[in-house]
Amino acid sequence: MKKVCVLGLGYIGLPTASILATHGHQVIGVDVKAEVVDRLRNGDVHIQEPGLKTMVKAGIHSGNLLVADKPAAADAFIITVPTPIEPDKKANLDYVRAAAEAIRPYLQKGNLVVLESTVPPGTTAGMFADILSQSGLDPYLDLQVVHSPERVLPGRILEELVSNDRVIGGLTPEATEIARDLYASFVQGEIFLTEATTAEMVKLMENTFRDVNIALANEFALMGESVGVNVWEAIQMANRHPRVNILSPGPGVGGHCIAVDPWFLVQAAPGPAQLIASARRMNDRMPEHVVDQVRALLSHISQPKIAALGLAYKADVDDIRESPSLTVIRWLQATGCQVAAYDPFVNPDALNVAVPTLEDAVTGADCVLLLTNHTAFKKVDVPALGHLMRTKVLFDTRNSLPHTEWQEAGFFVYVLGDGVDRNLSAPSAVPEGVTAVALA
Ligand code: SAJ
């Protein structure tokens, strides 16, 4: 059993702190936001993640998880603070810097210090170690300093924290092994040991691989639209090849990881990172493409009203950070559309465009614009929803809804990348009011 201080009680820190607490460690979870600390102390969890509330309560109830607004002396410190991106696409390491400075007065010889936050290559051995060394302790001789990137998928965090393989890279082999012993107390996946900068690269390469693959899928979708091929069918068939796995097109890439991390590699090595930067730009262009498509679809209606379904960056989570839905909505508004957005996971008070119910969003609307593929949207009562609308158009950017059902309810269905030449659409398939656009 160890005394562990976890700094940053967000999507990674809070689950990590509570898992450590339920595995017998004495944990102090620290957050600089007074509101987060107060809510947790009152047994309320500020993040929606399956199983998290139960796990946090179990930790607090056992007495092993304490929540505080500043660090305390411990055997191990784990830093899980955000590393956002600046408008110039450079990593903002202010929170990492502040966390390292915050633990500095509490450091003692032999302490393990883990940086879990995603950082550009060289950060742990460079800036991070420099700050720790200002404690008077040598990060190579007196402290055990490692980078161990978090790799869990929002929506499955608790499960993946335990079952995923883990990479640990220390400033010294001794530090790596000491960190391995701590993580082995709850990780069931394999633990791979390396050095700090390699561990940083591993994390960034994983998310970049996914970003580039999604960019390729998005580029294929645009090609499908140009050459008249349904990209979804084509991808499905291509993926039957034993060595091909193309991801899915969509309205863009969101979240605090995949839309951000590739830029950390570009920052570290801008010369070689041509493909990575180009993929990033491709994915960032998708919201604009969606807006163009919607505008074209509704060009005969002045001030069209759009019901945007989904604000979260991906299915079945409440996280709206870097969500492409927000960009699409802002641009639609900027081009004169009225937008009402509904997301069952997002508090409608969080954004002025959000409304509390699906009915509120679709009433009087000209187009349902599906932006996030939440499971709940697949089960809506389509005919009832159609009755509330002014014009029955569905634009599905995720190919996620049961289109036949929507067509049977009288909707003109358009899917991102489906390759349908709207000039050639059979007039009978197009409901009145949309015909002019579809055939224009
Ligand atoms: N997306 C697509 N098409 C796809 C898959 C995803 O457009 O085929 C979009 C999603 O809608 C979303 C974005 O990409 O907007 C990212 O979603 P995601 O599910 O791919 O990834 P994240 O950001 O939720 O989590 C990723 C994961 N990394 C990898 O899968 C390599 C997770 O394991 C990491 O821990 C997490 O980033 C992180 O924290 O870095």
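Bear in mind that the values in this text are calculations on the coordinates, not laboratory data. Just so we're clear, the structure is a prediction, and the values are computed from it rather than from any experiment. Here Cβ is always computed from backbone atoms with ideal geometry, including for glycine, and neighbour counts include all displayed protein chains.
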Legend entry - Hull shadow area, averaged, the chain [alpha-carbon convex hull, nm²]: 22.1
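Summing -39500 (n - 2.57) over the DSSP H runs of n ≥ 4 in the chain and dividing by its residue number, what mean residue ellipticity at 222 nm do you reach, to the nearest 500 deg cm²/dmol? Walk me through the intermediate numbers first.
Working: 16 runs with 166 residues, N = 440.
Value at 222 nm, helices only: -11000 deg cm²/dmol.
State the extension gain, in nm to one decimal, for the chain segment bounded by Gln108 and Gln407, taking 0.36 nm per residue of separation less the distance between their alpha-carbons.
Numbers: separation 299, 0.36 × 299 = 107.64 nm, distance 6.68 nm.
Roughly 101.0 nm would be gained on extension.
First measure r as the distance between the Cβ atoms of Ala73 and Phe192, then evaluate 1/(1 + (r/R0)^6) with R0 = 35 Å and state the FRET efficiency to the nearest 0.05. Before the final figure, lay out each step's value.
Working: r = 30 Å, r/R0 = 0.86.
Working from the Cβ atoms, E equals 0.70.
With the cut-off at 1.5 for a/c, could you classify segment 1-160 from its C-alpha gyration tensor as rounded, prolate or oblate? Walk me through the numbers before you get to the answer.
Working: a/c = 1.81, a/b = 1.30, b/c = 1.39.
Oblate is the answer for segment 1-160, as a/c is 1.5 or above yet b/c matches or exceeds a/b.
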Inset, instruction - Give me the net charge of His46's neighbourhood, meaning all other residues with Cβ under 15 Å from the Cβ of His46; Lys, Arg count +1, Asp, Glu -1. - result: -3
Inset, instruction - Taking 7 Å along the Cα-to-C-beta vector as the label spot, tell me the Asp360-Asp284 distance in nanometres, rounded to one decimal. - result: 3.3
Legend entry - Among Arg295, Arg240, Arg321: highest mean-square fluctuation, GNM of the chain, C-alpha pairs under 10 Å: Arg240
Legend entry - DSSP-assigned coil residues among GluC sites (Glu not before Pro) in segment 176-221, each with at most 15 further Cβ atoms within 10 Å: Glu190
Legend entry - Links that overshoot a 30 Å alpha carbon limit, given the list Lys33/Lys305; Lys53/Lys379; Lys2/Lys314: Lys33/Lys305; Lys2/Lys314
Inset, instruction - Quick one: check the C-alpha center-to-center distance for segment 63-109 versus segment 319-347, whole angstrom. - result: 32
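Please report the orientation-averaged projected area of segment 282-415, defined via the convex hull of its C-alpha atoms, in nm². Kindly include the intermediate steps, with their values, before the conclusion.
Numbers: hull surface 28.4 nm².
Computing the convex hull of the Cα atoms and averaging its projections yields 7.1 nm².
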Legend entry - Nonlocal amide H pairs with Tyr414, under 5 Å, H built at 1.01 Å: Leu394, Phe395, Asp396
Legend entry - Arg295-Ser133 pseudo-label distance in nm [points 7 Å out on the Cα-to-Cβ vector]: 5.3
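Would segment 367-423 count as rounded, prolate or oblate if I go by the C-alpha gyration tensor, calling it rounded below 1.5 in a/c and otherwise prolate when a/b exceeds b/c, oblate otherwise? If you can, show how the numbers build up before the last one.
Details: a/c = 1.81, a/b = 1.16, b/c = 1.56.
Since a/c reaches 1.5 but b/c is at least a/b, the shape of segment 367-423 is classed as oblate.
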Inset, instruction - Averaged over every viewing direction, what's the projected area of the C-alpha convex hull for segment 1-45? Give it in nm², one decimal, please. - result: 2.9
Legend entry - Nitroxide proxy distance, nm - points 7 Å out along Cα→Cβ at Asp381 and Lys57: 3.2
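Compute the relative contact order of the chain as a whole-number percentage, counting only Cα pairs closer than 8 Å that sit 6 or more residues apart in sequence. List each step's numbers first, then the result.
Values: 908 pairs, mean separation 48.4, N = 440.
For the chain, the relative contact order is 11 percent.
Of all beta bridges DSSP finds with both residues in the chain, what is the antiparallel percent, to the nearest 5? Show your work: numbers first, answer last.
Values: 3 of 46 bridges.
So the antiparallel bridges amount to about 5 percent of the total.
Find how much the distance from His23 to Asp88 grows on full extension, using 0.36 nm per residue of separation minus their present alpha carbon separation; answer in nm with one decimal. Please list the in-between numbers first.
Numbers: separation 65, 0.36 × 65 = 23.40 nm, distance 4.16 nm.
Computed gain between His23 and Asp88 is 19.2 nm.
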Inset, instruction - Mind running the shape call on segment 208-262? Use the C-alpha gyration tensor, a ≥ b ≥ c as the square roots of the eigenvalues: rounded below 1.5 for a/c, prolate if a/b tops b/c, oblate otherwise. - result: oblate
Inset, instruction - Calculate how steeply helix 173-183 sits against the longest principal axis of the alpha-carbon atoms of the chain, using the helix alpha-carbon long axis, and give the answer as 0 to 90 degrees to the nearest 10. - result: 60
Legend entry - Magnitude of the charge dipole, the chain, Cβ model with Lys/Arg +1 and Asp/Glu -1, debye to 20: 100
